[in-house]
1. Using a ≥ b ≥ c from the Cα gyration tensor of chain A (square roots of the eigenvalues), is it rounded, prolate or oblate, where a/c under 1.5 gives rounded and otherwise the larger of a/b and b/c decides, a/b for prolate?
2. Take chain A, connect every pair of alpha-carbon atoms lying under 10 Å apart with a spring to form a Gaussian network, then pick out the residue of A:Ser257, A:Ser91, A:Ser121 with the largest mean-square fluctuation.
3. What does a probe at B:Thr183 reach in the range B:207-244, counting residues whose amide N is under 11 Å from the point 7 Å along Cα→Cβ?
4. By DSSP, what percent of the beta bridges with both residues in the protein assembly as shown are antiparallel, rounded to the nearest 5?
5. Among the complete DSSP H segments of chain A, which ones combine at least 27 Å of alpha-carbon extent along their axis with a mean Kyte-Doolittle hydropathy of -1.0 or more?
6. Would you mind listing the distances between the A:Thr338 label point and the same position in each other copy? Use 7 Å along Cα-to-C-beta, nm, one decimal, shortest first.
7. Given the C-alpha centroids of the range B:5-27 and the range B:190-249, what is the distance between them in whole angstrom?
8. By counting other Cβ atoms within 10 Å of each Cβ, how are A:His309, A:His87 ranked from fewest to most?
Number of protein chains: 2
Amino acid sequence: MDNLTIALDAMSGDFGPRIVVPAAIQALNRYPNLSIFLVGNLTEISSFLSKENTKLIAQYQNDSRLILIESTTVITNDMKPSYAIRHSQGSSMRIALELVKENSAQACVSAGNTGALMGLSKLLLHSLTGIDRPALVATIPALNNQDTVVLDLGANAECDSDMLVQFAIMGEILAKTVLKIETPRVALLNIGEEDIKGLDKIRAAAAVLKSNDQINYIGYLEGNDLLTGKTDVLVCDGFVGNVTLKTVEGLIKIFMSSFKLSLNHNSFLMKLLSKWVQRKIAKNFCYLDPGRYNGACLLGLQSIVIKSHGSANQKSFFAAIEQAILAIQTNIPEKIATSLSSALPKSE
Amino acid sequence: MDNLTIALDAMSGDFGPRIVVPAAIQALNRYPNLSIFLVGNLTEISSFLSKENTKLIAQYQNDSRLILIESTTVITNDMKPSYAIRHSQGSSMRIALELVKENSAQACVSAGNTGALMGLSKLLLHSLTGIDRPALVATIPALNNQDTVVLDLGANAECDSDMLVQFAIMGEILAKTVLKIETPRVALLNIGEEDIKGLDKIRAAAAVLKSNDQINYIGYLEGNDLLTGKTDVLVCDGFVGNVTLKTVEGLIKIFMSSFKLSLNHNSFLMKLLSKWVQRKIAKNFCYLDPGRYNGACLLGLQSIVIKSHGSANQKSFFAAIEQAILAIQTNIPEKIATSLSSALPKSE
């Protein structure tokens, strides 16, 4: 197995090192060929360490599989991306991205400010030829054990039709390389299935995709088909994608908690029974657990950047690290770069 | 109890008279003070009637509680609204709306083409002073037995900040009059809770709402808070609202069906047990059943127009008729007209 090296922005997200550090240790334990750059405030990092983790960290540092790198500032969530980028020098996010830029790391994972991560990534790592702006993409579990590549999940609140077409092409390549689907179906998210429905930019993108022989464009899908597996790639702008994904996550949470309530009983037998049913159902729904598919890839860059959910816990930040590992192993940026030249409607 | 008169577009939606007619009979059975105009192709209507319903229809016609009105054309879902409106003469949707215009009916219910219904309603029934374009609004059940007024659910795919502010004001009045909330909380749907997040039009609307003393504006909410009851009114453009609502509906359907699967068993005892658990959980989740809250009100018109889901079955079309009854009884258009003049930021 080839060696893997990932840079982690340890100060990012709602919980910073409190969850990034244990997730990093979990990943080092799990993947013997993995090395990690942990970028953050070293005092803060060590203050969150359990005795056991302090020992493990020392051991991994000894083995040169863990390198701690001091950062001096943090880009917070309430910073405007333009401001954050201007003041990014010395921040954990920027240093982690620079490690990728200088080829010390193969991928960067951050749970920080999406706009800043997008802007800094574009600035430092550059977009692929033909891509105006990278998109956040994730593979969402759908019915019947299918998966759907959904993009943009929030990197670009405003998108024009060219960007939607580029997202469709990148999503298609991802479905081919990661999901191993020979001819992925590509759909646009819209508010009706008829040709005349929706926004101008969506209709314009549909016209381009229809005329592209290399794309298996199947038309519009509506919100209710998000998880039905009717398409392999679903394209939307970053605003709609973000709201939709978060709606799904919120609803699953509500469902799970109402479900627990509805099986709450006093008698011992009933409690036992409820537990059994709960386990059974949880097993059936676990594929929908947002934590399991945390980690959206910033697709369209020359390198790999994974955005974790800001509210990620240890388990889901670990899932984001695993996304980075998968992206390195499948060599996504290169595959997309190779395919883009032929797939894009015109050289730009 | 005052008499209620409603005009139904019997040819609308995916199933037309097949579901509209039995839903109409159900409503007449249920509400003794209700009269209905049923507008449609009379041959087609009678072809779908069971023996019992034929008898009931004759009886209600006899009592003058049901009047059948012949229409000659149908506005289909794939028609561009502008085309549909130009060719609307003699259509079931237009005739139903004209019955409201001439004060023969107090409300119209249609499951037809949203854009055409919106355009024709505006043309025939006019918007209230100060409202640029009506919005589709529905009351969505949230956690803890709360309800949230959500708009726009799809009448306006593109909205500017003025429209978002008008939606907020109309939603607030609806929450006051229908949900009986004294000082409703009003939020904008966005992709982050920080002030700098989202689209220009949302930030502009936020600035106006913040400076309006009469509105209890609480800021941005994200998709995951759609059903948590954190706000009484949630405002978004019609594209996002439609995708989000359909995503919720789709997910609930998936949940319910996966749930049935996960409790599928061979043994008799297990089957019995599964049934029991299923009933218990269904009871807990029934508040989320999209069929129960079918019927979005086209808010901002001088009269009452209710849009049913295109794929409504009898039960949910009946729910849409009940929405119309509630809107008549609470006299929504007049309440909004009265409150608008003082609530709107400036006379327009």
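FYI, it's all coordinate maths here, none of it is from the lab. Since the model is a prediction, treat every value here as computed from it, not as a measurement. All Cβ positions, glycine included, derive from the backbone under ideal geometry; neighbour counts span all protein chains shown.
1. Numbers: a/c = 1.83, a/b = 1.13, b/c = 1.62.
Taking the square roots of the gyration eigenvalues as a ≥ b ≥ c, chain A is oblate.
2. So, out of A:Ser257, A:Ser91, A:Ser121, the one fluctuating most is A:Ser257.
3. B:214-217
4. Percentage antiparallel, nearest 5: 25.
5. Helices passing the filter in chain A: A:238-262.
6. 7.1
7. 34
8. Ordered from fewest to most neighbouring Cβ atoms within 10 Å, A:His309, A:His87 come out as A:His87, A:His309.
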